[in-house]
Ligand SMILES: Nc1ncnc2c1ncn2[C@@H]1O[C@H](COP(=O)(O)OP(=O)(O)OP(=O)(O)O)[C@@H](O)[C@H]1O
Ligand SMILES: Nc1ncnc2c1ncn2[C@@H]1O[C@H](COP(=O)(O)OP(=O)(O)OP(=O)(O)O)[C@@H](O)[C@H]1O
Ligand SMILES: [Mg+2]
Ligand SMILES: [Mg+2]
Ligand SMILES: [Mg+2]
Ligand SMILES: [Mg+2]
Ligand SMILES: [Mg+2]
Ligand SMILES: [Mg+2]
C-alpha cells in the first residue's frame with residue numbers, strides 16, 4: 001500500500017494511517033500519551049502537568065490573506081497546548097528549506113513567528129535547520145513542538161450530556177481564504193485566514209467556568225472536530241445551523257468552490273463543551289477577547305451517538321466525519 | 001540572498017543563516033535559550049531543569065548500513081538531551097511524507113524508532129502527519145522534539161584549562177558509511193553507521209565524575225564540535241592524533257572519497273571535557289557500556305584559543321571549524 005494525499009488530510013482516511021504510525025510499544029510517559037490521540041500529550045513531571053504537542057506546516061502559498069506559514073506554525077502548536085488547558089511556555093522550531101529559498105522570506109517568517117509568540121508570552125528556545133537540494137522540496141516545511149503547563153487538563157473526550165457547545169467564532173475562514181486565494185477569486189481580500197494564537201482567549205474562558213472538553217477545528221474542520229469529540233465522549237451532539245457563525249463571504253466562496261465550510265481547516269478557533277450553568281459566563285469571557293468576538297452557543301450534548309444539525313428550515317441532517325480536508329496543503 | 005546547501009551543513013556557513021533564523025525577541029523561557037546555541041534549551045519548571053531540543057531528519061537513503069531514518073530521528077534528539085545532562089522522557093514525532101511512499105517502509109521506520117526508544121526508556125507521546133503531493137518532497141522528513149530532565153546541566157561552553165578531552169568512541173563512522181554506501185563502494189559492509197541513543201552510556205559517565213562540557217559531533221563532525229566547545233569556552237584544545245580512534249576501514253574509505261573523517265557526522269558519539277582527576281573513572285564508565293567500548297582520552301585543555309592537533313609524525317596542525325559537512329543529507 002502507498003501513502004496518498006488523503007492520508008494527510010486530517011479525516012477518516014488519516015485515521016487509518018495513524019494505526020500504522022502510532023504502533024509504538026513506547027507511547028506513554030506516564031500521563032496522556034499517543035493512545036488517546038488528543039491535541040497533545042500530558043506528562044506528569046515534578047507534580048506538574050507538562051503538556052507537549054507538535055505540528056508540521058506545509059501550507060501553500062506561504063504568504064496568504066491574513067497570515068503566513070510562520071504565524072500558523074506558532075499558532076498551531078500554541079492552540080494544541082491551549083486545547084489541553086496548557087499555558088504555552090516554550091516552542092522548538094525545525095525548518096527544512098529548499099535550496100534557493102529567499103532569505104528575505106525567512107526574515108518575514110521569523111518576524112511573524114515572533115509576533116505570534118509575543119501575543120501569548122511564549123518563546124522559541126531551540127531549533128534545527130536542514131536544507132534540501134533544489135527540487136527535493138517545494139519551498140519550506142516548518143515544524144514546531146511546544147511545552148506548556150496545565151493547571152487543569154482539558155480533554156477532547158470530556159463532553160457530558162447536558163453540556164452546551166460553544167464555537168469561539170466564525171467557521172471556515174482559514175480553509176476558504178487559502179482556497180479562494182489559490183483560485184484567484186477577487187473578493188476584495190475580505191476573506192482572511194483566522195490564524196491566531198488562542199491562549200489569551202482560552203485562559204479567560206477557563207477562568208470563567210467549567211470547560212469539560214475542547215478541540216481546535218483544524219484539518220477536517222468543525223465537522224471533524226465535533227465528531228471526534230462526540231464519538232470519544234460517547235455522546236450525541238445537536239447543532240443548530242442557525243446559530244453556527246459563518247461569514248456571508250465565506251459561505252458564498254465555499255458555494256462557488258463546491259466545498260463545505262464545515263469541513264475546512266480553522267486556525268484560530270476553539271470548540272468547547274461547557275457546563276450549562278457556566279455557558280453564559282464562558283461566552284462572555286470569550287467575547288471579551290478580540291479572537292472570541294463572534295463566539296456563539298451552537299448546540300448541546302445529550303445521551304446517544306453521532307452529530308446532527310437542525311437545519312434552518314426545520315429539518316435534520318447528520319454532520320458526518322469527513323473523509324479528509326478538501327483543501328490540500330491547508331496548513 | 002538565497003539559501004544554499006551549505007546553509008544546512010552544520011558549519012560556519014550555517015552559523016551565518018542562524019543569525020537570521022534566531023532573530024526572535026522571544027527566545028528564552030527563563031533558563032538556557034536560543035542565545036546560547038547549545039544542543040538544547042533548559043527551562044526551569046516547578047524546580048526542575050526541563051531540557052528541550054529538536055532535530056529534523058532528511059537522510060538519504062532512508063535505510064543504510066547500520067541504521068535508518070527512524071533510528072536517527074529518535075537517537076538524534078535523545079543525544080542532544082543527553083549532551084545537556086538530560087534524561088530523555090518524551091519525544092514528539094512530526095512526519096512529512098511524499099505521496100506514493102510505501103506504507104511498509106513506514107512500518108519498518110516506526111519499528112526502528114520504537115527499538116531506539118526502548119533502549120533508553122523514552123516514549124513518543126505526540127505527533128503529526130502531513131502528506132505532500134508526488135514530486136513536492138523527495139521521500140520523507142521526520143522531525144522529533146524531546147523533553148528530558150537534568151539533575152545537573154552540562155553545557156557545551158564549560159571546558160576549563162586542565163580538563164581532559166574524551167571521545168566516547170570511533171570518529172567518522174556515520175558520515176563515511178552513508179557516503180560509501182551512496183558511492184556503491186563494496187567494503188563488505190564493514191563500514192556501518194554508529195547511530196545510537198546514548199543516554200544509557202552518558203548516565204554512567206555522569207555518575208563516574210565531573211563532566212564539565214559535552215557535545216555530540218553530528219553535522220560538521222568532530223572538527224565542528226571541538227571548535228565550538230573550545231571557542232565558546234574561550235580555551236585552547238590540544239588533540240593527539242595518535243589517540244583519536246578512527247577505524248582503518250573508515251580512514252581508507254575517507255581517503256578514497258577525499259573527505260576528512262573529522263568533518264563528517266557521527267550519530268552515536270559524545271565529546272567530553274572532564275576534570276583531570278576523574279578522567280580514568282569516566283573512561284572506565286564509558287567503556288563499560290557497549291556504545292562506549294572504544295572510548296579514549298584524546299587531548300587536553302589549556303589557556304588560549306583554537307584547536308591544534310599534534311600529529312603522529314610530531315608536527316602540529318590546526319583543526320579548523322569546517323565550512324560545512326561535506327556529505328549532503330547525512331542526517
Ligand atoms: N506521525 C505520527 N506519530 C505519532 N502520532 C501521530 C502522528 N501523526 C499524528 N499523530 C497523533 O494523532 C492525533 C491526531 O493528529 P492531528 O495532527 O490530526 O491532530 P491535531 O494537531 O490536533 O490536528 P492538526 O494537525 O490538523 O492541527 C494526535 O494525537 C497526534 O499526536
Ligand atoms: N531554525 C532554527 N530556529 C531556531 N534555532 C535554531 C534553528 N536552527 C538551529 N537552531 C539552533 O542553532 C543551534 C545549532 O543547531 P544545530 O542543529 O547545528 O545543533 P545540533 O542539533 O546539536 O546539531 P545537528 O542538527 O547536526 O544534530 C542550536 O542551538 C539550535 O537550537
Ligand atoms: Mg488539535
Ligand atoms: Mg494541531
Ligand atoms: Mg540540530
Ligand atoms: Mg548536538
Ligand atoms: Mg542534533
Ligand atoms: Mg497535528
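Bear in mind these aren't lab numbers, they're just calculated from the coordinates by the rules spelled out. In this text the structure is predicted, and so the values were computed from the model without any measurement. Neighbour counts are summed over all protein chains in view; Cβ atoms, including those assigned to glycine, are modelled from backbone coordinates with ideal geometry.
State the extension gain, in nm to one decimal, for the chain segment bounded by residue A:316 and residue A:248, taking 0.36 nm per residue of separation less the distance between their alpha-carbons.
Computed gain between residue A:316 and residue A:248 is 22.3 nm.
Over the Cα atoms of the range A:164-318, what Rg and Dmax result, in angstrom?
For the range A:164-318, the Cα-based Rg and Dmax read 15.1, 46 Å.
Can you list, shortest first and in nm, the gaps between the label point of residue B:311 and those of its counterparts in the other copies, using a point 7 Å from Cα in the C-beta direction?
Label point to label point, same position, other copies: 8.4 nm.
Calculate log10 I(q)/I(0) of the range A:267-331 for q = 0.12, 0.29 Å⁻¹, where I(q) comes from the Debye formula with a single equal point scatterer on each Cα and nothing for solvent.
Here the Debye-derived log intensity ratios amount to -0.48, -1.19.
Be a star and scan the range B:210-236 for residues whose amide nitrogen sits under 11 Å from the point 7 Å along the Cα-to-Cβ vector of residue B:152.
B:210-213
Test of understanding: in a Gaussian network model of chain B with alpha carbons linked when under 10 Å, which of B:111, B:208, B:254 would top the mean-square fluctuation ranking?
It is B:111.
For the range A:38-150, what is Rg from Cα atoms divided by 2.2 N^0.38 Å, rounded to two decimals?
Relative to the 2.2 N^0.38 Å estimate, the range A:38-150 comes out at 1.10.
Which distances, in nm and shortest first, link the residue A:275 label point to the same label point in every other copy, taking 7 Å along Cα→Cβ?
Ordered by increasing distance: 5.5 nm.
For Cα pairs less than 8 Å apart in space and 6+ apart in sequence, what is the mean separation divided by the residue count of chain A, i.e. the relative contact order in percent? All intermediate terms of the calculation are to be shown ahead of the outcome.
Details: 813 pairs, mean separation 79.1, N = 331.
So the answer I get is 24 percent.
With r defined as the distance between the Cβ atoms of residue A:275 and residue B:2 and R0 fixed at 56 Å, what FRET efficiency is calculated, to the nearest 0.05?
FRET efficiency, residue A:275 to residue B:2: 0.55.
Report the label-to-label distance for residue A:256 and residue B:111 in nanometres (one decimal), using points 7 Å from each Cα along the Cα→Cβ vector.
5.2 nm
Would you mind pulling out the separation of the Cα centroids of the range A:273-327 and the range A:138-211, in Å?
Cα centroid of the range A:273-327 versus Cα centroid of the range A:138-211: 14 Å apart.
Given Cα pairs under 8 Å that are at least 6 residues apart, what percent is the relative contact order of the range A:124-231? Can you show the working numbers first?
Working: 55 pairs, mean separation 38.8, N = 108.
Here the relative contact order equals 36 percent.
Under the √(5λ) rule applied to the eigenvalues of the Cα gyration tensor, what semi-axes describe the equivalent ellipsoid of chain B? Give them in Å, descending.
Details: eigenvalues 164, 116, 78 Å².
Equivalent ellipsoid semi-axes, largest first: 29, 24, 20 Å.
Which distances, shortest first and in nm, link residue A:134 to the matching position in the other copies, using label points set 7 Å out along Cα to C-beta?
Here the equivalent label points are 2.5 nm apart from this one.
Determine the calculated [θ] at 222 nm for chain B from helices alone, applying -39500 (n - 2.57) to every DSSP H run no shorter than 4 residues and normalising by the residue count; nearest 500 deg cm²/dmol.
Mean residue ellipticity at 222 nm (helix-derived): -9000 deg cm²/dmol.
For the protein assembly as shown, just run the numbers: alpha carbon Rg, then divide by 2.2 N^0.38 Å, N being how many residues it has. Let's see the in-between values first.
Details: Rg = 25.4 Å, N = 662, 2.2 N^0.38 = 26.0 Å.
The reported ratio for this selection is 0.98.
Most fluctuating residue of A:38, A:186, A:114 in a GNM of chain A with Cα springs under 10 Å: which is it?
Residue with maximal mean-square fluctuation among A:38, A:186, A:114: A:186.
For chain A, modelled as a Gaussian network with Cα springs under 10 Å, which listed residue fluctuates most, A:197, A:261, A:290?
Maximum fluctuation in the GNM of chain A, among the listed residues, is at A:290.
Would you mind calculating the relative contact order of the range B:164-318 from Cα pairs under 8 angstrom and at least 6 residues apart, reporting the percent as a whole number?
43 percent
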